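Structure first, commentary second.
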Amino acid sequence: MRKIVFAMACGLTAVVTSCGGSSTPNNQSQPTQQEATSPTAAVQELKDALTAVQGKGILFGQHDALSYGMGDGSEWNAVKHNTNDSSDIKLVTGSHPAIFSWDLGHIDDAFNLDTVPFDSIRSFIFKAYREGGINTISWHERNPVTNDNAWTKPNEETCVKNFIPGGSKVEMFNQKLDKVADFLNSLVLDGKDVPVIFRPWHEMDGSWFWWGNDHCTHDEYKALYRYTIEYLRSKGVDNIVVAYSPDRNFKTEEEYLQWYPGDDIVDIVGMDNYWDIPEAYDEKNKTYDKEKLDVMVKKLEIVVNYAKKHGKLPALTECGNETVNLDKWYTEGLLPVITANETTRQIIYAQVWRNRHSKHYYVPFKGHPQESDFVKFANDSRIFLLNDYNEFKKQTK
Ligand code: BMA
């Protein structure tokens with residue numbers, strides 16, 4: 001990966017303010033600011049791909065789709081069963097998803113927080129890329145001090161302010177960042193950088209993670225986010241398209257942006273939202289209240305409108321109905337929301353979470369009562385799985 005000297009100087013000094021007006025001399029051996037901040041070929045390739053699909057179709061994704069799943073009701077695991085081409089989505093539709101999501105939590109270990117080996121994650125990323133899919137990476141990292149998990153309730157010693165420039169434990173945090181940089185820098189296939197969407201510190205408007213709302217000020221959060229990206233770039237990471245993704249706790253653009261680290265850092269603006277659709281569900285009649293679904297539509301509109309004004313790409317970065325226990329969640333819950341109007345149809349992708357075990361899955365598996373509803377959703381002309389997406393690319397070449 002190309003090392004950008006100027007960006008490194010920036011990353012280590014300018015955390016809250018931007019990198020403009022640096023005292024770094026602009027000579028032959030150091031790129032100009034323009035060069036340093038312009039996207040690399042890998043990043044540009046991914047941004048162009050995402051832009052090309054905008055308004056034409058919504059890419060559908062799942063977390064850990066190739067790692068494990070529910071099969072026909074009995075769990076499978078790629079490592080245990082030595083498979084690299086299975087996904088529950090493919091089992092029920094014939095195609096893998098278009099978006100492949102991974103997580104770098106527990107990056108100091110050989111396995112991630114969900115016991116997927118990092119080596120497997122890397123090979124899956126290569127496979128997905130080679131086959132035309134798009135990879136996105138989240139980071140449920142352990143608290144750098146307690147090193148237990150991402151859900152640690154932090155105290156004075158373990159909260160965000162310790163890890164940002166000026167804090168007393170930045171070095172500990174840097175060790176994690178170094179590992180993430182190593183992983184991202186290892187994403188080179190046949191001599192070519194593989195671009196990925198990188199989505200750290202998500203759902204910060206809730207307080208379930210150590211970087212959440214109750215555990216830091218907005219400025220501390222922004223500094224954490226900015227420092228993360230600038231530090232990674234200083235280590236030569238130049239294959240990431242960066243995504244901002246709060247949970248659903250906003251009603252206005254201003255609220256949505258409370259933690260936003262800045263247009264110079266973020267490429268994709270997203271939202272995670274698991275709860276607005278269930279809140280619209282009428283248990284008795286097994287229907288969805290349109291006005292209540294509109295709550296989520298409005299939030300997507302806020303995201304898309306911000307993206308439009310600021311040259312960003314919008315996405316529904318996480319959603320899902322655990323165990324798919326609401327009738328027709330896919331065709332009568334999710335689909336009407338994301339295709340509600342011209343604006344919501346501008347989202348690039350929607351992804352659901354993982355199919356881990358019988359109490360924690362988001363895509364109906366073979367034989368599940370909602371299987372046919374999911375197939376109907378997947379067959380909708382506006383929803384792109386990998387096969388649809390590849391076909392779209394062929395036709396628009
Ligand atoms: C959560 C759950 C956890 C998991 C985490 C990161 O939503 O699936 O079990 O560890 O995501 O994948």
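The values are calculated or read from the model by the stated rules, or taken from the named source; none is laboratory data. On a predicted model such as this, the values are computed, not experimentally measured, just so you know. Cβ: placed from backbone, ideal geometry, glycine included. Neighbour counts: every protein chain shown. We work out accessible area using only protein heavy atoms, side chains counted, and drop any ligands, DNA or RNA first. Shrake-Rupley method; radii C 1.70, N 1.55, O 1.52, S 1.80 Å.
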### Query
Of all the accessible heavy-atom surface of the chain, with the other protein chains kept in place and a 1.4 Å probe, what percent is carbon and sulfur?
49 percent
### Task
Using +1 at the Cβ of each Lys and Arg and -1 at the Cβ of each Asp and Glu in region 305-397, identify which of Ser358, Ala307, Val375 lies farthest towards the dipole's positive end.
Ala307
## Note on the structure
Computed ³J(HN,Hα) along region 178-183: with the Karplus parameters 6.51/-1.76/1.60, θ = phi - 60°, integer Hz and x for glycine or proline, the list is 4, 5, 5, 4, 4, 5
### Summary
With the convex hull built on the alpha-carbon atoms of region 241-397, volume per residue in Å³ sits at 133 Å³
#### Entry: For region 226-304: rounded, prolate or oblate by the Cα gyration tensor [a/c cutoff 1.5]
prolate
### Message
Based on the alpha-carbon set only, what is the convex hull volume of region 67-117 divided per residue, in Å³?
### Response
78 Å³
## Note on the structure
In the chain the DSSP beta bridges are antiparallel at a rate, in percent to nearest 5, of 20 percent
### Using θ = phi - 60° and Karplus 6.51 cos²θ - 1.76 cosθ + 1.60, couplings along region 151-166 (whole Hz; Gly, Pro as x)
8, 4, 8, x, 10, 3, 7, 10, 8, 3, 4, 6, 9, 9, x, x
### Message
Full-extension gain between Asn185 and Arg382, please, as 0.36 nm times their residue separation minus the C-alpha to C-alpha distance.
### Response
67.5 nm
### Message
Taking amide H atoms as placed 1.01 Å from N in the peptide plane, list the residues 5 or more away in sequence, or in a different chain, whose amide H sits under 5 Å from that of Tyr68.
### Response
Ala78
### Summary
For the chain, using Cα atoms only, the Rg and Dmax in Å read 20.5, 71
### Message
Placing one identical point scatterer on every Cα of region 142-200 and ignoring solvent, what is log10 I(q)/I(0) from the Debye formula at q = 0.26 Å⁻¹?
### Response
-1.07
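For an R0 of 30 angstrom, estimate the FRET efficiency from the Cβ-Cβ distance between His310 and Thr40 and round to the nearest 0.05.
Calculated value: 0.90.
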### Message
At 7 Å along Cα-to-Cβ for each site, give me the label-to-label distance between Asp148 and Thr396 in nm.
### Response
4.7 nm
#### Entry: Point-charge dipole on Cβ atoms (K/R +1, D/E -1) for region 123-226, about Cα centre, debye to 20
240 debye
### Query
Where nothing but the Cβ of Lys and Arg (+1) and of Asp and Glu (-1) is charged, how large is the charge dipole of region 226-288 around its Cα centre, in debye to the nearest 20?
220 debye
### Task
For region 327-340, take each phi angle, set θ = phi - 60°, evaluate the Karplus expression 6.51 cos²θ - 1.76 cosθ + 1.60, and give the result in whole Hz per residue in order, putting x for glycine and proline.
4, 6, 4, 6, 8, 10, x, 5, 4, x, 6, 6, 10, 4
### Query
Which is farthest toward the positive dipole end of the chain among Val295, Pro39, Val92, measuring Cα position about the Cα centre, with Cβ charges +1 (Lys, Arg) and -1 (Asp, Glu)?
Pro39
### Summary
Bridge orientation stat for region 256-371 from DSSP, antiparallel percent rounded to 5, came to 25 percent
### Task
Would you pull out the residues with amide H under 5 Å of Phe100's amide H, same chain only if 5 or more places away, H placed 1.01 Å from N?
Ile134, Asn135, Thr136
### Message
Given R₀ = 22 Å, what would the calculated FRET efficiency be for Glu254 paired with Asp214, taking r from the Cβ atoms and rounding to 0.05?
### Response
0.65
## Note on the structure
The percentage of Cα-Cα pairs in region 306-354 separated by more than 14 Å is 57 percent
### Task
Return one whole number: the accessible area per residue of the chain in Å², for a 1.4 Å probe.
41 Å²
### Query
Based on the mean of other beta carbon atoms within 10 Å per residue, what is the order of 287-298, 56-67, most packed first?
56-67, 287-298
### Message
Over region 132-232, how many pairs of lysines fall under 23 Å by alpha carbon, counting only those 8 or more apart in sequence or from different chains?
### Response
13
### Query
Using modelled amide H (1.01 Å from N, peptide plane; none on Pro or chain starts), what sits under 5 Å from the amide H of Leu313, excluding residues fewer than 5 places away?
Ile268, Val269
### region 36-108-region 332-364 distance, computed between alpha-carbon centres (Å)
14 Å
### Debye-sum result for region 183-236 in log10 I(q)/I(0), which assumes one identical scatterer on each alpha carbon, at q = 0.22, 0.24, 0.26 Å⁻¹
-0.85, -0.93, -1.00
## Note on the structure
Over all directions, region 111-244 yields a Cα convex hull whose mean projected area in nm² is 8.0 nm²
### Message
Can you find, among Gly191, Thr136, Tyr225, the residue sitting farthest towards the positive end of the charge dipole of region 99-230, where Lys and Arg contribute +1 and Asp and Glu -1 at Cβ?
### Response
Gly191
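Let me know the charge dipole size of the chain about its Cα centre in debye, to the nearest 20, where only the beta-carbon of Lys, Arg (+1) and Asp, Glu (-1) is charged.
So the dipole magnitude of the chain works out to roughly 880 debye.
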